[in-house]
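The values are calculated or read from the model by the stated rules, or taken from the named source; none is laboratory data. Since we're looking at a predicted model, the values are computed, not measured. Backbone-built Cβ (ideal geometry, glycine too); neighbour counts: all protein chains shown. Surface accessibility is based on the protein's heavy atoms, side chains included, excluding ligands, DNA and RNA. Shrake-Rupley method; radii C 1.70, N 1.55, O 1.52, S 1.80 Å.
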Amino acid sequence: MIETRIDRRFAKLKAEGRPALVTFITAGDPDLATSQAILDALPEAGSDVIELGMPFSDPMAEGVPIQLATQRSLAHGHTMDKTLQMVREFRKKDNDTPIVLMGYYNPIFVRGSAAFVKEAREAGVDGLIVVDVPAEADDELCIPAIEGGVNFIRLTTPTTDDKRLPTVLANTSGFVYYVSVTGVTGSAAADTTAVAQAVTRIKSHTDLPVAVGFGIKTAEQAEEIGKHADGVVVGSILVEAIRTSLDDNGKATNQTQAAVTEVVRSLRVGVEKARK
């Protein structure tokens with residue numbers, strides 16, 4: 001597979017001796033214009049890799065904050081076409097920061113996997129995280145993604161044992177996303193000792209970077225996780241920052257973008273302290 005922006009970014013950060021800050025927002029939340037402004041502002045605020053959520057009506061792996069973000073986006077008429085257009089607009093200003101689309105298979109399936117991968121790559125997408133396509137169905141989307149030059153990133157969890165792990169990692173590329181707690185996004189904070197052990201175990205099976213997410217909300221948590229992981233993934237705290245910045249009618253305010261970037265800056269400080 002050809003080298004992607006994800007490969008280059010993790011290699012660069014490894015040389016610098018620090019983990020990546022991976023940030024998640026939902027495309028179109030709370031509206032298209034505000035979401036685009038937030039997306040465009042993330043790299044300057046400190047994001048190394050961006051996960052852009054593809055809104056879907058049944059986000060089964062998400063906790064309440066991201067469920068609500070998805071509802072806000074869909075209520076404003078957001079579509080996959082608009083998500084891809086957001087990436088195109090981002091690429092007019094930033095051709096280096098990796099973008100990973102994260103979500104569910106249904107909106108991709110209806111477009112056709114090969115066609116979607118081609119359109120996504122042409123828009124400037126670097127990777128996919130599609131949580132409801134198991135490794136046993138790699139021919140559905142994973143293989144077309146790899147053949148199309150897009151990284152396919154898989155999730156591993158505390159229940160992914162050594163027998164299962166090689167199957168999960170077989171066609172994974174870009175990085176491995178370790179879900180540090182059992183449950184949905186935004187759940188309880190991870191046990192850093194358990195995370196360290198899990199990262200070590202995963203790395204015994206792969207040379208790929210390992211990013212850790214779920215339940216990371218503070219700079220202190222990011223610092224602790226970053227001592228062991230190649231990347232620290234944050235999402236629920238960012239979409240919650242959006243929600244709490246909205247007015248009484250659920251509309252964006254002049255504080256909405258800043259609410260997100262301030263949290264990202266704080267988390268970036270924690271990540272940078274991780275290896276010092």
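The residues of the chain expose, per residue, 42 Å² of accessible area to a 1.4 Å probe. Compared with the rule-of-thumb size 2.2 N^0.38 Å for a compact globular protein, region 1-131 has a Cα radius of gyration ratio of 1.02. If you look at the Cα atoms of region 192-238, you get an Rg and a Dmax of 10.6, 32 Å.
Under Stokes-Einstein, with the Kirkwood radius over Cα pairs as Rh, the value for region 167-276 at 37 °C and 0.692 mPa s is 219 µm²/s. On the basis of the beta-carbon distance and an R0 of 25 Å, T244 and A33 show a calculated FRET efficiency of 0.85. On the beta carbon distance between V64 and E16, with R0 = 45 Å, the FRET formula returns roughly 0.80.
Averaging 1/r across all pairs of distinct Cα atoms in region 36-87 and inverting the result yields a Kirkwood radius of 12.1 Å.
You can think of it this way: the chain between N171 and S57 has 38.3 nm of extra reach, that is 0.36 nm per residue less the Cα-Cα gap. What is the set of long-range amide H partners of T156 at a cut-off below 5 Å, with H atoms built 1.01 Å from backbone N? Those lying under 5 Å, H to H, from T156 are Y177, Y178, V179. Sequentially through region 165-175, phi angles give Karplus couplings (6.51, -1.76, 1.60; θ = phi - 60°) of 4, x, 5, 5, 7, 3, 10, 6, 8, x, 7 Hz, Gly and Pro residues having no value and appearing as x. Quick one: with all protein chains in place, what share of the accessible area of the chain is carbon or sulfur, to the nearest percent (1.4 Å probe)? C and S atoms contribute 50 percent here. Projecting the Cα positions of A274, M102, I237 onto the charge dipole of the chain (unit charges on Cβ atoms of Lys, Arg, Asp and Glu, taken about the Cα centre) puts A274 furthest along the positive direction. Across the options A20, G63, M86, the greatest Cα extent toward the positive end of the charge dipole of region 1-101 (unit charges at beta carbon of Lys, Arg, Asp, Glu) belongs to A20. Each Lys and Arg adds +1 at its Cβ and each Asp and Glu adds -1 at its Cβ; summed about the Cα centre, the chain shows a dipole of about 580 debye.
Note on D94 and E262: the model spin-label points, each 7 Å out from Cα along the C-beta direction, lie 2.0 nm apart. For region 59-113, a Kirkwood radius taken over Cα pairs fed into Stokes-Einstein (10 °C, viscosity 1.306 mPa s) yields D = 123 µm²/s. Note that region 85-90 has calculated 3J(HN,Hα) couplings of 5, 4, 5, 4, 5, 4 Hz, one per residue in order, obtained from phi through the Karplus relation 6.51 cos²θ - 1.76 cosθ + 1.60 (θ = phi - 60°); glycine and proline are x. Rounded to the nearest 0.05, the FRET efficiency derived from the C-beta distance between A75 and A115 at R0 = 30 Å is 0.65. Close amide H pairs (under 5 Å, H built 1.01 Å from N) link A20 with G231, V232, residues at least 5 positions away or on another chain.
Computed log10 I(q)/I(0) for the chain at 0.07, 0.09, 0.11, 0.13 Å⁻¹: -0.21, -0.36, -0.55, -0.79, from the Debye equation with unit scatterers placed on every C-alpha and solvent omitted. Placing +1 on the Cβ of every Lys and Arg and -1 on the Cβ of every Asp and Glu, with nothing else charged, gives region 149-276 a dipole about its Cα centre of roughly 260 debye.
What list of whole percents do you get for P(r) of region 1-46, with Cα-Cα distances grouped in 5 Å bins up to the one holding the largest distance? Once binned at 5 Å, the Cα pair distances of region 1-46 give 5, 18, 20, 19, 16, 13, 8, 1. Here region 145-167 is scanned for amide nitrogen atoms under 17 Å from the site 7 Å beyond the Cα of H205 along Cα-to-Cβ, giving 152-167.
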